[in-house]
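First the structure, in the form of structure tokens, and then the observations on it.
The values are calculated or read from the model by the stated rules, or taken from the named source; none is laboratory data. Every value quoted in this text rests on a predicted model; they were computed, and no experiment measured them. Don't worry about glycine lacking a Cβ; one is built from the backbone with ideal geometry, like all the others, and counts go over all protein chains shown.
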Amino acid sequence: MDRRQMESAIAGVVRCLGASLKNRGLYPATHPLVRTPVEKCWLELAPFFADRSELALTVSDGTLVLEGVPIFQLTSSLELFMARLGAIGLPAVIFERGVSVEDIEMFVRFLHETKEQGLPIPEIKERLARWGITHIRVTATEDEEKDDFTLAREIYGNALNVVVKALKDVRNGKTPDGAESDRAVREMSGMVSRNRDAMLALTLIKNFDEYTYNHSVNVSVLSLAVAETLGLSETERIGVGVAGLLHDVGKTQLALDLIRKPGTLTVEEFEEIKKHPEEGFAILGKMTHIQDSTRSVVREHHMRFDRTGYPRPEPEYRMNPHSHVIAVADCYDALTTMRSYQKARTPQQALEIMRKLAGKSLDPDLVELLERSLGVYPVGTMVRLSTMEVGVVTGSPDGGKGEPKVAILFDRSGNPLAAPQGVDLKEADPSSGRPRRMILGTVNPLMHPPVSISGVLQTVTV
Ligand SMILES: [Fe+2]
Ligand SMILES: [Fe+2]
């Protein structure tokens, strides 16, 4: 088959799949308009298997791609087909040599009848197997499935790009695209629900030079975790997450050296800084896809719980309760970040300081809720074990109760291990029947040779 024949055959395959799926919604399963396209699809597929054993159909950046050939001319039935793949959470479908008409028929039925969104890949695999589909398989990517940490990192990186672009746009006098922020936050929100530890672990990546960008994404992730613990609706969670992502967007109007200035500011400089919530409010007002409450939250993120912050609210002004969520996340991320004028606090130290601010600048209920969202030992906390080994918390306990997941970094003499070693704190000592290792308490990471917590977390499966 030459390239042109192949492209037309490929178009034929997807057209038939799309047509069958569309007609499935209109006619009974046995109707010829459902059955015939499936048979045609099977016939179109057959020649491909003369010289290859499988054929990959993927959705990449919103484009349907079959064997590397993008299908640009989407008919309405193809759009439906792609939308179904996307909604279920299927980025790649692979047809194997030996695929039967029944396999294709059942697969179309699966796309038609599956109403859940964003199903995990193992669940999809199990369902396909249960439906007797043997020669169509699904994967998260074309080659290999991604673990949650890889996925979380991609999502985090994407959000970072969105912030960088948004701030650049503002600096160039353009209005940023609100749809991009909305999409990035939806992805992060999904990942926070799916694997909170993997997403929270990334907030520990502190890049000093890029402080504003990482800080924006971190505040969004932390706010999303709190919003989820609070039980907010999806729309509210997205609104809070977008506010987190864009809370300091108004700072782009300030001179860069003022933002980066170490130490105390002069009165005039502080007056300049104080303008950024109102600037942010104005910028968000010009953007699409921004909820009104998100705008208010950006304006109010420094007003403080006791209303002594800026812009100073009038006595009758009613603050949006979600503004306090951003304030708590903002404070936690700032405290755990090393700045030129401040050393980074451990999660424990940061929470201790925040407990003192509770009722003053911070909402006491939300400080408590943040602690609960992060767990007793937040991911990234360094701990000393009863064996005198030192490790780092890589995940919260399964089901939220019991011992967190820990990877050992230093042996009992303080020597670093060649590679972090994940240990199970439930593992019992055979002689006593008691746990072999218990957490004695937290350790100040500065007492140890510098450890890249994010590096460790990437080598240990969260
Ligand atoms: Fe701010
Ligand atoms: Fe901030």
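Computed values, structure above
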quantity: In segment 296-319, the residues that are surrounded by 22 or more Cβ atoms within 10 Å (Cβ to Cβ) and within 20 Å of LEU230 (Cβ to Cβ); calculated: VAL297, VAL298, GLU300, HIS301, MET303, PHE305
quantity: Single residue of LEU222, LEU258 found to be part of a helix (DSSP H, G or I), surrounded by fewer than 17 Cβ atoms within 10 Å (Cβ to Cβ) and either at pLDDT below 95 or within 15 Å of ligand 2 (Cβ to nearest atom) (or both); calculated: LEU258
quantity: Residue within segment 266-275 that is at pLDDT below 95, surrounded by fewer than 16 Cβ atoms within 10 Å (Cβ to Cβ) and under 27 Å from the mean Cα position of the chain (by Cα) present; calculated: no
quantity: Residues that are among the aromatic types (Phe, Trp, Tyr) and touching a helix residue (DSSP H, G or I) at 6+ places or on another chain (Cβ under 8 Å), drawn from segment 8-61; calculated: TYR27, TRP42, PHE48
quantity: THR308 being within 20 Å of SER216 (Cα to Cα) and not small (Gly, Ala, Ser); calculated: no
quantity: Selection count where residues are within 26 Å of the chain's Cα centre (by Cα) and assigned to a strand (DSSP E or B), scope segment 384-407; calculated: 8
quantity: Which listed residue is farther than 19 Å from ILE121 by Cα, exposed (fewer than 15 other Cβ atoms within 10 Å of the Cβ) and at pLDDT below 85, from LEU33, LEU43, LEU80; calculated: LEU33
quantity: Selection from segment 359-381 of residues that are of a type in the set (Lys, Arg) and over 28 Å from ALA407 (Cβ atoms); calculated: LYS360
quantity: Single match in SER323, SER296 (criterion: small (Gly, Ala, Ser), more than 13 Å from ligand 2 (Cβ to nearest atom), at pLDDT 95 or above and out of contact with any Pro (no Cβ under 8 Å at 6 or more places or on another chain)); calculated: SER296
quantity: Selected residue (criterion: farthest from ligand 1 (Cβ to nearest atom)) from residues of segment 296-320 that are touching a residue at least 40 places away in the same chain (Cβ under 8 Å) and under 30 Å from the mean Cα position of the chain (by Cα); calculated: PHE305
quantity: Selection within segment 273-295 - within 14 Å of ligand 1 (Cβ to nearest atom), among the aliphatic types (A, V, I, L, M) and closer than 25 Å to ILE238 by Cβ; calculated: ILE283, LEU284
quantity: Near pairs, Cβ below 7 angstrom, 6+ apart or cross-chain, from segment 15-32 (without any contact (Cβ under 8 Å) to a residue 60 or more places away in the chain) to any residue that is assigned to a helix (DSSP H, G or I) and among the hydroxyl-bearing types (Ser, Thr, Tyr); calculated: ALA19/SER77; LYS22/SER77
quantity: Residue match in segment 227-239 (condition: at pLDDT 95 or above, within 15 Å of ligand 2 (Cβ to nearest atom), assigned to a helix (DSSP H, G or I) and of a type outside the set (Val, Ile, Thr)); calculated: no
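Residue-by-condition table, conditions (1) without any contact (Cβ under 8 Å) to a residue 24 or more places away in the chain; (2) exposed (fewer than 14 other Cβ atoms within 10 Å of the Cβ); (3) under 27 Å from MET188 (Cα atoms):
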{"position": "GLY86", "(1), (2), (3)": "no, no, yes"}
{"position": "GLY98", "(1), (2), (3)": "no, yes, no"}
{"position": "THR114", "(1), (2), (3)": "no, no, yes"}
{"position": "PRO120", "(1), (2), (3)": "no, yes, yes"}
{"position": "VAL138", "(1), (2), (3)": "no, no, yes"}
{"position": "ALA159", "(1), (2), (3)": "no, no, yes"}
{"position": "ALA166", "(1), (2), (3)": "no, no, yes"}
